[in-house]
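S.K.: Before I ask anything, here is the structure I am working with.
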Amino acid sequence: MSFAELGLSDKVLQAVTESGYTTPTPIQAQAIPHVLGRRDVLGVAQTGTGKTAAFTLPMLTMLEQGRARARMPRTLVLEPTRELAAQVVENFERYGSNHKLNVALLIGGVSFADQDSKITRGVDVLIATPGRLLDHFERGKLLLSGVELLVIDEADRMLDMGFIPDIERIVKLVPFTRQTLFFSATMPPEIQRLADDFLHNPVRIEVARPASTASTITQRLVATGAEGHQKRKTLRKLIRAAEDLKNGIIFCNRKRDVAQLQKSLSNHGFTVAALHGDMDQRARMAALDAFRSGEIPLLVASDVAARGLDIPAVSHVFNFDVPHHAEDYVHRIGRTGRAGRSGAAFTLVGRGDEKSLAAIESLIGQPIGWEAGDLSTLSADDESDEPRARRGRERSTRGRRDEPRGERRDEPRNPRRAEAERRVDAPNRVRGRRSEERPRPAPARPPREADAMPEAEIGLGGHIPAFLLRPIVLKKKNDQE
Ligand code: AMP
């Protein structure tokens, strides 16, 4: 099967050739003719299968007819995260290099004014995260009644992130007669219900899920004490000892751990950037670009922030936490060992992780070997609790008022609120070290002598002393005792 057989326009075919793609992926081969035939499509496919081009290429072909009108986008693509949205824009730019189409991106963390002026000029393709799209709509700057084609991408992620009510609202705002393309990596009953609601007589296309992991990836479990400082120490040792480490992504389950771990690694001389949902758009893009270009060899990331990102193959993946969802494990380690290259994936496992680990091994259908002995081989020292003072500190950090109890997801459930609450991060310090006592360039793997360094944190390390976190209670003058 070649791209030329799919019914795409000459302009699109030319751009595909320029991209160097010769053969359509299974989802492209199956979806493109149906999209061009104006059918609704339900695509069960993960990122990495080429699904972005499966909708971008036929959309470009179809958009060659007709013109955009002010404030009335012709097509709308909904994405759960800003990075995924930005990636779709890149796809439109790459494959649409021979077209004169207006593509606009509506995501949080970017000024409304620039986005407004683009919409006012008329857009052929509007790519948006749901919260920001509704913000624009409510400000009266956007009309969705001209949308001919709607793409809902990563629907199961939208569900995880609490976006479904927003999506349902948006779907009511676009014409009933539109064409709808709906993609999801998994089809739990709730997603199936949405698909039934949103799609008219869809063609269902399912491409193989990467439930099995590539054979080119060496997977290892590393037993560790379960406390944060013990895991950080284990991780540092692991990175320093890793063979052929060119670049690596370190995954954490929670976004606040991403920031803390990045700081700690940086304090220990590693050149490392962070990627998590509380960073503003510019900081996220800067971190990603620096990692992609090789300037920063290590990236600490959360699942949501990293999901679906088009990051070239990395040599190593480190799971600082065992993921709660087994599928996340497959996604994480799929960052390495791409295109037949070899890669290594190390997962830190402490007491309490046994259940999540069993779910992963059951999903991938094989046990994962231990690097140097399983949990039963941990020494008493590895298992010992932290000194009392530090324990208190960690506990106070966990008990911070601004972090909802039990919050384990990367993005809060109410995305509108999350959007409003996003803080503007200071730009990441991605290069060099803070400590004057240990001046040396900071490679991914610090020189050997670093191994002899004491493992103590520098300064406050990643910790915030308890007294700094204690709420200040101001007494009113007339307060009775
Ligand atoms: P996606 O699943 O859309 O995130 O795509 C994953 C990766 O596959 C991206 O880096 C695309 O550039 C690449 N890709 C998409 N289509 C093809 C193709 N037909 N042949 C080779 N690579 C492709």
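S.K.: Please enumerate the residues belonging to the stretch 99-148 that are open to solvent by less than 30 Å² (accessible area, probe 1.4 Å) and at positive phi.
M.R.: Answer for the stretch 99-148, where residues must be open to solvent by less than 30 Å² (accessible area, probe 1.4 Å) and at positive phi: just Gly122.
S.K.: Only one residue in Gly7, Gly48, Gly20 is assigned by TED's automatic domain parsing to the domain that holds Pro202, at positive phi and modelled with pLDDT of 95 or more, so which one is that?
M.R.: Gly7
S.K.: Still on this structure: Looking at the stretch 7-25, which of its residues are within 11 Å of the ligand (Cβ to nearest atom) and surrounded by 17 or more Cβ atoms within 10 Å (Cβ to Cβ)?
M.R.: Once the filter is applied, which keeps residues that are within 11 Å of the ligand (Cβ to nearest atom) and surrounded by 17 or more Cβ atoms within 10 Å (Cβ to Cβ), the stretch 7-25 yields Val16, Pro24, Thr25.
S.K.: For the stretch 26-35, name all the residues that are away from the ligand (no atom under 13 Å from the Cβ) and either among the small types (Gly, Ala, Ser) or farther than 15 Å from Ser2 by Cβ (or both).
M.R.: Selection gives His34, Val35.
S.K.: Can you find even one residue in the stretch 12-29 that is within 17 Å of Leu150 (Cα to Cα), in a helix (DSSP H, G or I) and either of a type outside the set (S, T, N, Q) or in contact with a helix residue (DSSP H, G or I) (Cβ under 7 Å, 6 or more places away or on another chain) (or both)? Break it down into steps so the answer makes sense when it comes.
M.R.: Residues of the stretch 12-29 within 17 Å of Leu150 (Cα to Cα): none.
Checked the stretch 12-29: no residue is within 17 Å of Leu150 (Cα to Cα), in a helix (DSSP H, G or I) and either of a type outside the set (S, T, N, Q) or in contact with a helix residue (DSSP H, G or I) (Cβ under 7 Å, 6 or more places away or on another chain) (or both).
S.K.: I've got another one for you. When residues of the stretch 173-185 are filtered for being surrounded by 15 or more Cβ atoms within 10 Å (Cβ to Cβ) and either in a loop (DSSP other than H, G, I, E, B) or at pLDDT 95 or above (or both), how many remain? Can you show your working first?
M.R.: First, pick out the residues of the stretch 173-185 that are surrounded by 15 or more Cβ atoms within 10 Å (Cβ to Cβ): 173-174, 178-185.
Next, only the ones that are either in a loop (DSSP other than H, G, I, E, B) or at pLDDT 95 or above (or both) stay: 173-174, 178-183, 185.
Total satisfying the criteria: 9.
S.K.: Only helices (runs of 4 or more DSSP H) wholly contained in the stretch 46-161 count here; list those with 1 or more residues that are touching a helix residue (DSSP H, G or I) at 6+ places or on another chain (Cβ under 6 Å). Reasoning before the result, please.
M.R.: Details: elements: 51-63, 82-95, 112-121, 130-138, 155-160.
Helices (runs of 4 or more DSSP H) meeting the threshold: 51-63, 82-95, 130-138, 155-160.
S.K.: Do the conditions hold for Asp196, that is, is it surrounded by 22 or more Cβ atoms within 10 Å (Cβ to Cβ) and either among the charged types (D, E, K, R) or touching a strand residue (DSSP E or B) at 6+ places or on another chain (Cβ under 8 Å) (or both)?
M.R.: no
S.K.: For the list (1) under 19 Å from Ala195 (Cα atoms); (2) within 7 Å of the ligand (Cβ to nearest atom); (3) open to solvent by less than 10 Å² (accessible area, probe 1.4 Å), I need the number of the one condition that Thr47 fails.
M.R.: For Thr47, the exception is condition (3).
S.K.: Restricting to the stretch 83-142, name every residue that is among the acidic types (Asp, Glu), modelled with pLDDT under 95 and more than 16 Å from the ligand (Cβ to nearest atom).
M.R.: Asp114, Asp116, Asp135, Glu138, listed by residue number.
S.K.: Return the only residue of Arg74, Arg38 being away from the ligand (no atom under 14 Å from the Cβ), more than 28 Å from Met279 (Cα to Cα), modelled with pLDDT of 95 or more and open to solvent by less than 50 Å² (accessible area, probe 1.4 Å). Write out each step before concluding.
M.R.: Values: Arg38 fails: open to solvent by less than 50 Å² (accessible area, probe 1.4 Å).
Of the residues listed, the single one that is away from the ligand (no atom under 14 Å from the Cβ), more than 28 Å from Met279 (Cα to Cα), modelled with pLDDT of 95 or more and open to solvent by less than 50 Å² (accessible area, probe 1.4 Å) is Arg74.
S.K.: Does any residue of the stretch 223-242 turn out to be closer than 29 Å to Gln65 by Cα and open to solvent by less than 20 Å² (accessible area, probe 1.4 Å)?
M.R.: No, the conditions are met nowhere in the stretch 223-242.
S.K.: What strands (runs of 3 or more DSSP E), lying completely within the stretch 216-296, carry at least 1 residues that are charged (D, E, K, R)?
M.R.: It comes to 217-223.
S.K.: For the stretch 53-71, name all the residues that are out of contact with any Gly (no Cβ under 7 Å at 6 or more places or on another chain) and either farther than 23 Å from Asp197 by Cα or away from the ligand (no atom under 14 Å from the Cβ) (or both).
M.R.: Passing the criteria: Ala53, Thr56, Leu57, Pro58, Thr61, Met62, Leu63, Glu64, Gln65, Gly66, Arg67, Arg71.
The values are calculated or read from the model by the stated rules, or taken from the named source; none is laboratory data. Note that this is a predicted model, so its numbers are computed, not measured. Because the Cβ atoms are built from the backbone with ideal geometry, glycine has one as well, and the counts that use them run over all protein chains shown. We work out accessible area using only protein heavy atoms, side chains counted, and drop any ligands, DNA or RNA first. Shrake-Rupley method; radii C 1.70, N 1.55, O 1.52, S 1.80 Å.
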